[in-house]
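Notes for the one structure printed next.
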Amino acid sequence: MEYFVQQLINGVTLGSIYGLIAIGYTLVYGIVGMINFAHGDIFMVGAFVSLIVITALGLTASTGLGLTILALILVLVISMIVASVYGWTVERVAYRPLRGSFRLAPLITAIGMSIVLQNYVQISQGARVKPLQPIISGGHTIMRRVDANGEFLVQVSNMQIFIVVITFSLMVIFTLLIAKTPLGRAQRACEQDTKMAALSGINVDRTISLTFVLGAALAAVAGLMFLLYYGVIDFFIGFVAGVKAFTAAVLGGIGSLPGAMLGGLVIGLIETFWSAYFSIEYKDVAAFAMLALVLIFLPQGLLGKPEVEKV
Amino acid sequence: MNAPALLSVSQVETFYGRIQALRGVSLDVHEGEIVTLIGANGAGKSTLMMTICGSPQARSGQILYRGHDITRTPTHQIMHMGIAQSPEGRRIFGRMTVMENLRIGASVADPSHFDRDIERAFALFPLLKERRNQRGGTLSGGEQQMLAIARALMAQPRLLLLDEPSLGLAPLVIKQIFGAIRELNATQGLTVFLVEQNAHHALRLAHRGYVMVNGKITMTGTGVELLGREEIRAAYLEGGVH
Ligand SMILES: Nc1ncnc2c1ncn2[C@@H]1O[C@H](COP(=O)(O)OP(=O)(O)O)[C@@H](O)[C@H]1O
Ligand SMILES: [Mg+2]
């Protein structure tokens with residue numbers, strides 16, 4: 001029981017990170033109908049920028065908790081801005097010129113952009129894994145059991161709390177942005193009918209750019225959280241995390257915002273429980289197998305779009 | 001009519017790939033007029049409406065609106081200049097509520113007039129007020145058409161483009177919609193450019209009309225004149241094409 005609760009906490013932490021990345025896949029798919037394969041690499045760039053800024057600020061575990069959190073929010077903002085510039089540029093350079101050409105073309109440039117970003121980071125930052133010492137220490141014991149086998153504790157670390165709180169707050173802010181603001185309305189209008197959106201005076205190109213920017217900013221948040229959670233990153237993390245987040249988006253129903261968040265949680269939980277009860281070596285296989293199963297048996301996903309009723 | 005036209009289309013040619021849909025179309029719409037364009041299915045009427053809005057753009061010819069050349073202006077900018085369209089097929093945002101559809105329509109209007117404009121729209125089509133929190137996709141065809149017109153009106157246009165607002169609707173609903181168009185024109189002086197296959201209603205409503213055949217304007221005159229012409233009666237009114 002205690003072991004189960006501990007895995008649940010870990011799974012939710014990981015799942016919230018996947019959910020953040022999945023939002024970017026789903027939004028871009030919704031509005032331009034393509035899978036942005038470079039999105040996972042934007043997440044990776046976000047993780048690297050976070051590491052560079054943390055190092056520059058000289059943050060360590062001995063920095064006070066309050067100061068650490070303030071500094072991390074600064075890291076977050078810088079990383080979001082830099083990743084947004086990357087996301088914007090990728091759309092502008094690689095996707096916009098191909099809009100309206102055959103369907104495979106943007107897919108091919110997307111894979112190309114993914115390789116470009118990986119190689120660029122590999123060359124500029126080196127190919128070896130980059131470690132980060134834990135900078136948020138401490139935690140809380142929420143369950144405790146002593147038996148013949150010894151003592152077992154269920155713990156939530158301060159870092160997990162930080163990750164989950166920031167991630168969920170951003171998801172709420174973001175959901176409100178899409179549901180309530182003129183920008184969100186324009187975004188949904190373009191997603192439903194680009195031509196009519198333009199006929200209503202909405203600048204479709206700008207809305208698409210903003211969608212890439214928002215997706216990239218959320219991926220950068222996920223990048224920082226991933227860095228804090230695992231403590232090591234390399235230029236290839238975007239591929240594996242990207243495929244998992246993509247799976248999350250498909251599982252939730254590609255194009256659906258709540259679906260992406262739910263899908264992220266489910267994938268995080270599956271991965272964590274799979275590692276805990278079966279085999280940690282095959283944890284990535286679980287996610288890939290899930291993708292195959294979803295595509296075969298539930299292609300519209302858990303919260304797939306309701307069909308528009310036609311009269 | 002010697003004053004410069006509000007909208008002036010001259011020698012416009014539009015293509016879809018290699019298919020030519022408009023073959024040198026010229027027409028004028030003056031401030032305060034209701035002008036109709038009639039023609040059989042496939043004549044190029046919707047293409048002209050969309051070309052005026054820059055989607056697709058004309059390959060040659062010129063479109064002047066209030067004296068500005070808008071032939072190469074991006075669609076969203078044209079809509080900011082006081083042109084609004086209720087397009088063919090209505091194109092309601094099906095997963096948005098009636099209210100949200102109207103807010104989208106108001107994207108280009110002065111936000112401080114929103115409350116006043118929404119009250120006007122609801123006064124024109126009271127049904128929409130009852131349905132305001134319902135999703136667009138769940139409305140009936142007639143309600144969707146009213147919403148499409150109301151959405152266009154929320155932009156506070158000087159020129160309203162209507163593409164076949166009567167298509168597929170019951171006679172009573174058509175009457176209501178045409179009544180609303182007449183009222184907007186009479187009370188607010190709104191200029192209306194109306195595309196119709198339903199020539200009888202359209203010609204009776206409009207001050208002037210044009211007839212389009214195969215991407216060309218073949219006839220023009222006042223509504224009454226065109227209604228009286230034998231070839232119009234044969235082709236568009238009495239068991240003709242439509
Ligand atoms: N998106 C399109 N792609 C290719 N051809 C089109 C397209 N839209 C219309 N057409 C063609 O252009 C011609 C004019 O169509 P349209 O403007 O819709 O006529 P109308 O509105 O008078 O019925 C038709 O021959 C039609 O097949
Ligand atoms: Mg048409």
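In degrees from 0 to 90, rounded to the nearest 10, what is the angle of the helix A:182-192 Cα long axis to the longest principal axis of chain A?
With both axes taken from Cα atoms, the answer is about 70 degrees.
Share of chain B's accessible area from carbon and sulfur, percent, 1.4 Å?
Of all accessible area on chain B, carbon and sulfur atoms account for 50 percent.
Could you check how much of the accessible area of region A:2-236 is carbon and sulfur, as a whole percent, using a 1.4 Å probe?
68 percent
At most 14 other Cβ atoms within 10 Å and a DSSP loop assignment: could you name the chymotrypsin sites (Phe, Trp or Tyr not before Pro) in region A:256-287 that fit?
Within region A:256-287, the qualifying chymotrypsin sites (Phe, Trp or Tyr not before Pro) (loop, at most 14 other Cβ atoms within 10 Å) are A:Phe278, A:Tyr282.
Placing unit charges on C-beta atoms (Lys and Arg positive, Asp and Glu negative, everything else neutral), compute the dipole magnitude of region B:91-154 about its Cα centre in debye, rounded to 20.
Here region B:91-154 has a charge dipole of around 200 debye.
Excluding ligands and nucleic acids, what accessible area in Å² is computed for B:Glu230 using a 1.4 Å probe, to the nearest 10?
120 Å²
Over region B:102-242, what relative contact order in percent results from Cα pairs under 8 Å that are six or more residues apart?
Averaging sequence separation for qualifying contacts and normalising by length gives 18 percent for region B:102-242.
Specify the inter-centroid distance of region A:42-82 and region B:72-116, based on alpha-carbon positions, in whole Å.
Distance between centres, Cα-based: 42 Å.
By how many degrees, between 0 and 90 and to the nearest 10, does the Cα long axis of helix A:2-32 differ from the longest principal axis of chain A?
The answer is roughly 20 degrees.
With labels modelled as points extended 7 Å from the Cα through the Cβ direction, what inter-label distance (nm, one decimal) is found for B:Ser112 paired with A:Tyr230?
Result for the modelled spin labels: 5.4 nm.
Which order do you get for A:Asp284, B:Asp110, A:Asp193 if you rank them by accessible area with a 1.4 Å probe, largest at the top?
Order by accessible area, largest first: B:Asp110, A:Asp284, A:Asp193.
Positive end of the charge dipole of the protein assembly as shown (Lys, Arg +1 and Asp, Glu -1 on Cβ, about the Cα centre): tell me which of A:Leu98, A:Phe278, A:Ala71 has its Cα farthest that way.
Farthest along the dipole direction, towards plus: A:Leu98.
At a 1.4 Å probe, which residues in region A:187-220 are at least 20 Å² less accessible with all protein chains present than in their chain isolated?
A:Arg188, A:Ala189, A:Gln192, A:Asp193, A:Lys195, A:Met196, A:Ala198, A:Leu199, A:Ser200, A:Gly201, A:Ile202, A:Asn203
Just need the relative contact order of chain B here, percent rounded to a whole number, with Cα pairs under 8 Å and 6+ apart.
Computed over chain B, the figure is 26 percent.
Give the interface area between chains A and B as buried accessible surface, both sides summed, probe 1.4 Å, in Å² to the nearest 100.
Buried area (both sides, nearest 100 Å²): 2200 Å².
Considering only B:Tyr16, B:Cys53, B:Gly67, whose Cα is most displaced toward the positive end of the charge dipole of region B:1-133, charges sitting on Cβ of Lys, Arg (+1) and Asp, Glu (-1)?
Going by the Cα projections, it comes out as B:Tyr16.
Heavy-atom accessible area of B:His201 with all protein chains present, probe 1.4 Å, nearest 10 Å²?
Counting only protein heavy atoms, the figure is 70 Å².
Which aspartates and glutamates does A:Lys283 reach when only Cα atoms under 19 Å apart count, and residues fewer than 8 places away in its own chain are ignored?
A:Asp234, A:Glu271
Could you tell me the distance between the Cα centroids of region A:126-157 and region B:14-63, to the nearest Å?
Cα centroid to Cα centroid, the span is 69 Å.
Gain in length, B:His68 to B:Val213, computed as 0.36 nm per residue apart minus the alpha-carbon separation, to one decimal in nm?
49.4 nm
The values are calculated or read from the model by the stated rules, or taken from the named source; none is laboratory data. Worth saying up front: this structure is predicted, and the values here are computed from it rather than measured. Because the Cβ atoms are built from the backbone with ideal geometry, glycine has one as well, and the counts that use them run over all protein chains shown. Protein only, heavy atoms only, side chains kept; ligands, DNA and RNA dropped before computing areas. Shrake-Rupley method; radii C 1.70, N 1.55, O 1.52, S 1.80 Å.
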